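Read through the structure below, which is laid out as structure tokens, and then see the notes.
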Amino acid sequence: MNKKETFDLIVIGSGAAGIISSIVAARNGKSVLLLEKLSQIASKLKATGGGRCNLTNTLSNEDFMARFGRDGRFMQDALKDFDHKDLVSFFNAIGVDTHAPDGFRIFPTSHSSVTIITALEKEMQRLGITVICKQKVEEISLIDASIASVTTQTHTYWTTNLILATGGLGYPVLGAEGDGHTMATSIGHKVTDLHPAMMPLKTKETWVANCRADTIAKVTLKVDIKKHKKLRAKGDLIFTKTGVRGPVILDFAREVTPLLEKYGEVPLLLNLTKGMNEEEISQHIKRAFMQNPHAEIVEVVTSLLPLALSEEICKLAGVNPHATNKEFQGEKKVKLIQLLTWTPLTISGHDGFKLAMITRGGIHLKEIDPKTMQSKLIKGLYFCGEIMNLDGPCGGYNLQWSFASGNLAGKLL
Ligand SMILES: Cc1cc2nc3c(=O)[nH]c(=O)nc-3n(C[C@H](O)[C@H](O)[C@H](O)COP(=O)(O)OP(=O)(O)OC[C@H]3O[C@@H](n4cnc5c(N)ncnc54)[C@H](O)[C@@H]3O)c2cc1C
């Protein structure tokens, strides 16, 4: 055996989870090898928060876990050891200042994920962690149900401790393509069904393209299927060339995907007027015409919505956007007010994992010890980050979970 290629710990994957686990293990005196298949480390981390990196948020651990659904409690021990305050202290200690501009989401003060990655890289160098890029791990070998080695296209590296931090399946161009799931399955672990989550959605209606980049704040949306009327969400929405994106859509996508599979299309109703009801909209229009009796209807609607969207809503109502108050009466007026209260939009599909920020599903949690992140099946094997079957909403949840689980795994308990 080549002595140089034997390590106390090998970590596969240099995302948030893999990097922090390497640092924690090295701080505890372990020799660590971090293997990354891309040509540089932390590609997904770099892209987070639109390059601003929403690291975590200020929720209490209880509320945080609740936002992950019924398996959220799996995170209890990891969060107890590394909550959002610990995360902030960790980064402050390696020279990254953070802040919460909206009092909830925490970012590096620089508003650049590069600051985070540079600081992590420096810390790994200081600790003497061996980082090798362009090394795609293809196989994990066991001896007597314990970790023995990993093999890439060119090398075999030996260890008794292995952390699988290869992420999910979303945004494959950023590295995570499900290799970890395949390797874990090959040594006896089970993977749940995997679904893309947190992604833009396509609409049947093509008029959205005319409103491309229009951002609408505080949109309320609800599913217009009798059995699913309770599914609602609120937040900012952005129109795209083929549909809709923005925080409210990213989060709501997880509700919509199963319905898409079931029904083929999902009709939604959107309130784009900050929650105004028919009466309020009617009064608003009345006041606007009183102030400017010669106004065209589209001018009045633009006091509620951006111009392109106002024109589209007028068209949908069959109203000439240039009609004046006199010409704009009766059924068409009723229709326009109805459409401004609830605008119909039909979700027809999405781009799958290609643009999914998160993967729903992963390694079965019942096969992982939540107190250590160690596999219950294989001695010396640990998991952290998105590879596991846990996913949270938008707002720093998924990075906090990656860092917290990485911290716990790196302790090699
Ligand atoms: C565009 C985008 C923006 C996001 N923004 C935010 C945000 O602001 N806040 C937030 O909380 N969450 C955000 N998320 C989600 C968050 O980034 C992820 O949940 C988190 O980064 C997952 O970290 P990870 O370490 O588990 O996996 P990853 O970051 O995916 O890292 C896995 C690494 O493993 C490597 N790898 C895979 N297979 C192999 C192999 N066989 N051999 C060697 N290496 C391998 C990959 O190349 C990759 O570098 C965002 C996601 C995306 C896609």
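The values are calculated or read from the model by the stated rules, or taken from the named source; none is laboratory data. Predicted, not measured: the structure shown is a model, and the values here were computed from it. A quick note on method: Cβ atoms are made from the backbone with ideal geometry, for glycine too, and the neighbour counts reach across all protein chains shown. Please note that ligands, DNA and RNA were not included when accessible areas were found on the heavy atoms of the full protein model with its side chains. Shrake-Rupley method; radii C 1.70, N 1.55, O 1.52, S 1.80 Å.
Overall, the ratio between the Cα radius of gyration of segment 69-184 and 2.2 N^0.38 Å, rounded to two decimals, is 1.32. Computed over segment 306-396, the quotient of the alpha carbon radius of gyration and 2.2 N^0.38 Å is 2.09. For the chain, with all protein chains in place and a probe radius of 1.4 Å, 51% of the accessible heavy-atom surface sits on carbon or sulfur. Cα centroid separation, segment 232-262 to segment 1-71: 28 Å. Of the complete DSSP H runs in the chain, none spans 30 angstrom or more by Cα along the long axis with a mean Kyte-Doolittle score not below 0.0.
Structure note, pairs Lys222/Lys326; Lys30/Lys136; Lys202/Lys230; Lys226/Lys332; Lys85/Lys136: Cα-Cα distances above 25 angstrom occur for Lys222/Lys326; Lys226/Lys332; Lys85/Lys136. Across the alpha-carbon atoms of the chain, the computed radius of gyration and Dmax are 25.1, 90 angstrom.
Compute the separation of the alpha-carbon centres of segment 321-340 and segment 97-159 and state it in Å as a whole number. Going from one Cα centre to the other spans 59 Å. Scaled against the 2.2 N^0.38 Å expected of a compact globular protein of N residues, the Cα radius of gyration of segment 162-236 reads 1.64.
Since only Ala295, Thr98, Leu59 are under comparison, the one whose Cα sits farthest along the positive direction of the charge dipole of the chain, derived from C-beta charges on Lys, Arg, Asp and Glu, is Ala295.
Compute the label zone of Thr324 within segment 247-291: residues whose backbone N is under 15 Å from the point 7 Å along Cα-to-Cβ. Of the residues in segment 247-291, 289-291 have backbone N under 15 Å from the label point off Thr324. Placing R0 at 41 angstrom, the Cβ-Cβ distance between Thr151 and Asp81 gives a FRET efficiency of 0.80 after rounding to 0.05. Averaged over its residues, the chain has an accessible area of 45 Å² per residue, based on protein heavy atoms and a 1.4 Å probe. Extending 7 Å from the Cα toward the beta-carbon at both Ile225 and Glu265 defines two label points whose distance is 1.3 nm. For the chain, the relative contact order is 24 percent, taking Cα pairs closer than 8 Å that sit 6 or more residues apart in sequence and dividing their mean separation by the residue count. Placing pseudo-labels 7 Å out from each Cα toward the beta carbon at Ala295 and Ala47 gives an inter-label distance of 4.3 nm.
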